[in-house]
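Q: I'd like to ask some things about the structure below.
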Ligand code: TRP
């Protein structure tokens with residue numbers, strides 16, 4: 001299929017020099033790996049992973065998560081980055097440049113980034129509020145005396161969640177306004193290691209609490225007997241795959257967009273392996289920080305989105321200098337979240353710049369405003385607007401599920417079908433090998449994953465979630 005197209009894309013030099021300078025780009029491979037890891041490591045690891053694992057059976061979930069990361073995550077990361085670098089375009093422009101019939105697939109990515117950011121920044125706003133609370137109580141031994149009550153009162157209020165969400169969007173917008181800046185690269189370089197150190201400190205406290213082993217065994221030892229029905233199994237498989245997409249920032253065109261700012265010297269395959277590795281490490285550490293504490297304090301691991309906001313304050317209350325710890329920790333969670341939200345906004349903004357021909361400033365402001373507006377409804381969905389339940393779900397659940405169960409898997413299927421069948425793995429490999437990196441030797445494996453394994457897995461999940469089997 002597409003023989004002519006293949007030949008023409010091999011022989012035709014990719015005219016990206018002018019584009020690249022105008023659009024900006026990463027200064028080095030290291031800068032890219034840091035920024036892409038910054039995109040991947042975020043609330044998905046620290047907030048979502050522990051609570052989804054807690055809701056979905058711990059160890060069994062974790063095994064599916066690892067399997068999907070290898071089978072689906074790595075190949076899609078490779079495909080997205082190569083597509084971006086090859087075309088130097090946002091997702092819509094990228095697909096359109098290679099095959100007009102697939103322009104809509106890029107549209108799904110942009111829509112997905114839009115929707116995800118609208119609720120991501122709501123959680124970012126929660127983190128911001130917790131940070132302020134710890135900041136105000138730095139010198140008090142205990143900042144949040146009744147974490148459960150504090151959390152419930154906080155999310156059902158209006159002013160604080162909305163303000164937090166808007167501040168978070170403003171922060172994200174300011175960074176994106178500055179372009180693909182050395183600023184993000186530099187901050188990631190300092191703050192990612194700092195995040196590691198702090199999480200490890202919390203892990204140490206958490207695993208030395210009484211009964212902590214229960215939490216660890218919940219996370220690492222799969223209890224297959226907990227799968228009592230096919231529905232339950234499907235539910236776990238579905239959340240594991242949703243988590244892989246979310247945490248690796250795939251399916252929403254983020255990595256196409258970041259790939260479009262890549263230099264040709266960057267080793268895409270190496271990046272596609274490093275990112276999941278670091279990302280999983282942070283997720284596991286977050287799980288080890290939170291789940292042992294949950295069991296130790298007799299909390300419920302299936303608590304849901306509030307888990308981080310209830311459990312960690314409980315742990316901080318038990319630590320010397322807990323408030324200072326809490327402050328620094330939430331600051332780092334905020335930073336991790338911002339380096340991710342920037343990548344989401346960048347997808348939508350780059351669509352405005354490349355395709356709608358807007359200036360970066362105009363595009364950044366307009367996109368951020370539109371996303372902020374949708375987010376306000378989500379921010380109020382536990383409080384003032386809790387009776388607004390489209391399709392019988394709270395706005396928060398609706399948006400969360402729309403992205404997790406529909407848009408991201410759809411985006412994933414199209415990237416696989418497109419790169420595996422339409423463009424062809426040969427072209428992907430050609431792009432990987434550009435710039436004199438070590439030639440790629442796993443063509444069969446990549447081809448098999450992109451053409452069969454990944455799309456079939458995603459399709460099964462998509463069908464089961466569409467037909468409400470789980
Ligand atoms: N991966 C980020 C996290 O774990 C969030 C994120 C960034 C994302 N870009 C994305 C999620 C694209 C889905 C799609 O917090």
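The values are calculated or read from the model by the stated rules, or taken from the named source; none is laboratory data. Remember, it's a predicted structure, so these values are computed and weren't measured experimentally. Note that each Cβ is placed from the backbone with ideal geometry, even for glycine, and that neighbours are counted across all protein chains shown.
Q: Is it the case, given these coordinates, that residue 277 is within 16 Å of the ligand (Cβ to nearest atom), outside any loop (DSSP other than H, G, I, E, B), without any contact (Cβ under 8 Å) to a residue 40 or more places away in the chain and surrounded by fewer than 24 Cβ atoms within 10 Å (Cβ to Cβ)?
A: Details: within 16 Å of the ligand (Cβ to nearest atom): yes; outside any loop (DSSP other than H, G, I, E, B): yes; without any contact (Cβ under 8 Å) to a residue 40 or more places away in the chain: yes; surrounded by fewer than 24 Cβ atoms within 10 Å (Cβ to Cβ): yes.
Considered against the rule, which asks whether it is within 16 Å of the ligand (Cβ to nearest atom), outside any loop (DSSP other than H, G, I, E, B), without any contact (Cβ under 8 Å) to a residue 40 or more places away in the chain and surrounded by fewer than 24 Cβ atoms within 10 Å (Cβ to Cβ), residue 277 comes out as yes.
Q: Suppose the filter is out of contact with any strand residue (DSSP E or B) (no Cβ under 6 Å at 6 or more places or on another chain), touching a residue at least 12 places away in the same chain (Cβ under 8 Å) and surrounded by fewer than 24 Cβ atoms within 10 Å (Cβ to Cβ); does residue 299 pass it? Step through it out loud before you land on a result.
A: Values: out of contact with any strand residue (DSSP E or B) (no Cβ under 6 Å at 6 or more places or on another chain): yes; touching a residue at least 12 places away in the same chain (Cβ under 8 Å): yes; surrounded by fewer than 24 Cβ atoms within 10 Å (Cβ to Cβ): yes.
Yes.
Q: Counting residues that are more than 13 Å from the ligand (Cβ to nearest atom) and surrounded by fewer than 22 Cβ atoms within 10 Å (Cβ to Cβ), which helices (runs of 4 or more DSSP H) fully inside the stretch 212-261 reach at least 2?
A: Working: elements: 212-220, 230-247, 254-259.
Qualifying helices (runs of 4 or more DSSP H): 212-220, 230-247.
Q: In addition: Output yes when any residue across the stretch 171-181 is in a helix (DSSP H, G or I) and more than 16 Å from the ligand (Cβ to nearest atom), and no when none is. Please lay out each step first, then the result.
A: Our first condition is that a residue be in a helix (DSSP H, G or I); within the stretch 171-181, this holds for 171-177.
Then keep just the ones that are more than 16 Å from the ligand (Cβ to nearest atom); that gives 174, 177.
Scanning the stretch 171-181 turns up at least one residue that is in a helix (DSSP H, G or I) and more than 16 Å from the ligand (Cβ to nearest atom).
Q: Taking residue 345 as the residue in question, decide whether it is modelled with pLDDT of 95 or more, within 15 Å of the ligand (Cβ to nearest atom) and under 21 Å from the mean Cα position of the chain (by Cα). Steps first, answer last, please.
A: On the way: modelled with pLDDT of 95 or more: yes; within 15 Å of the ligand (Cβ to nearest atom): yes; under 21 Å from the mean Cα position of the chain (by Cα): yes.
Yes.
Q: Consider residue 446 carefully, then state whether it is over 17 Å from residue 68 (Cβ atoms) and in contact with a helix residue (DSSP H, G or I) (Cβ under 8 Å, 6 or more places away or on another chain).
A: On the way: over 17 Å from residue 68 (Cβ atoms): no; in contact with a helix residue (DSSP H, G or I) (Cβ under 8 Å, 6 or more places away or on another chain): yes.
For residue 446, the condition - over 17 Å from residue 68 (Cβ atoms) and in contact with a helix residue (DSSP H, G or I) (Cβ under 8 Å, 6 or more places away or on another chain) - is not met.
Q: Something else about it: Regarding the stretch 421-432, can at least one residue be identified that is under 30 Å from residue 231 (Cα atoms), assigned to a helix (DSSP H, G or I) and in contact (Cβ under 8 Å) with a residue 12 or more places away in the chain? Show your work before the answer.
A: First pass over the stretch 421-432, keeping only residues under 30 Å from residue 231 (Cα atoms): none.
Among the residues of the stretch 421-432, not one is under 30 Å from residue 231 (Cα atoms), assigned to a helix (DSSP H, G or I) and in contact (Cβ under 8 Å) with a residue 12 or more places away in the chain, which makes the answer no.
Q: Looking at this structure, is residue 199 assigned to a helix (DSSP H, G or I) and either touching a residue at least 24 places away in the same chain (Cβ under 8 Å) or closer than 27 Å to residue 459 by Cα (or both)?
A: On the way: assigned to a helix (DSSP H, G or I): yes; either touching a residue at least 24 places away in the same chain (Cβ under 8 Å) or closer than 27 Å to residue 459 by Cα (or both): yes.
Taking the combined requirement at face value, the residue satisfies it.
Q: Against the definition (more than 16 Å from the ligand (Cβ to nearest atom) and either closer than 23 Å to residue 333 by Cα or in contact with a strand residue (DSSP E or B) (Cβ under 6 Å, 6 or more places away or on another chain) (or both)), how does residue 201 come out, yes or no?
A: Details: more than 16 Å from the ligand (Cβ to nearest atom): yes; either closer than 23 Å to residue 333 by Cα or in contact with a strand residue (DSSP E or B) (Cβ under 6 Å, 6 or more places away or on another chain) (or both): yes.
The answer is yes for residue 201.
Q: Right, next: Could you please let me know if residue 39 is at pLDDT 95 or above and in a helix (DSSP H, G or I)? Walk me through how you get there before you give the answer.
A: Values: at pLDDT 95 or above: no; in a helix (DSSP H, G or I): yes.
Judged against the criteria, residue 39 is not a match.
Q: In the stretch 97-143, what count of residues is obtained for those that are touching a residue at least 40 places away in the same chain (Cβ under 8 Å), away from the ligand (no atom under 16 Å from the Cβ) and surrounded by 19 or more Cβ atoms within 10 Å (Cβ to Cβ)? Reasoning before the result, please.
A: Within the stretch 97-143, the subset touching a residue at least 40 places away in the same chain (Cβ under 8 Å) is 98-99, 102, 105-106, 108-128, 130-131, 134-135, 137-143.
Applying the additional criterion that residues be away from the ligand (no atom under 16 Å from the Cβ) yields 98-99, 102, 130-131, 134-135, 137-143.
Within this subset, residues satisfying the condition of being surrounded by 19 or more Cβ atoms within 10 Å (Cβ to Cβ) are 98, 102, 130-131, 134, 143.
So the answer is 6.
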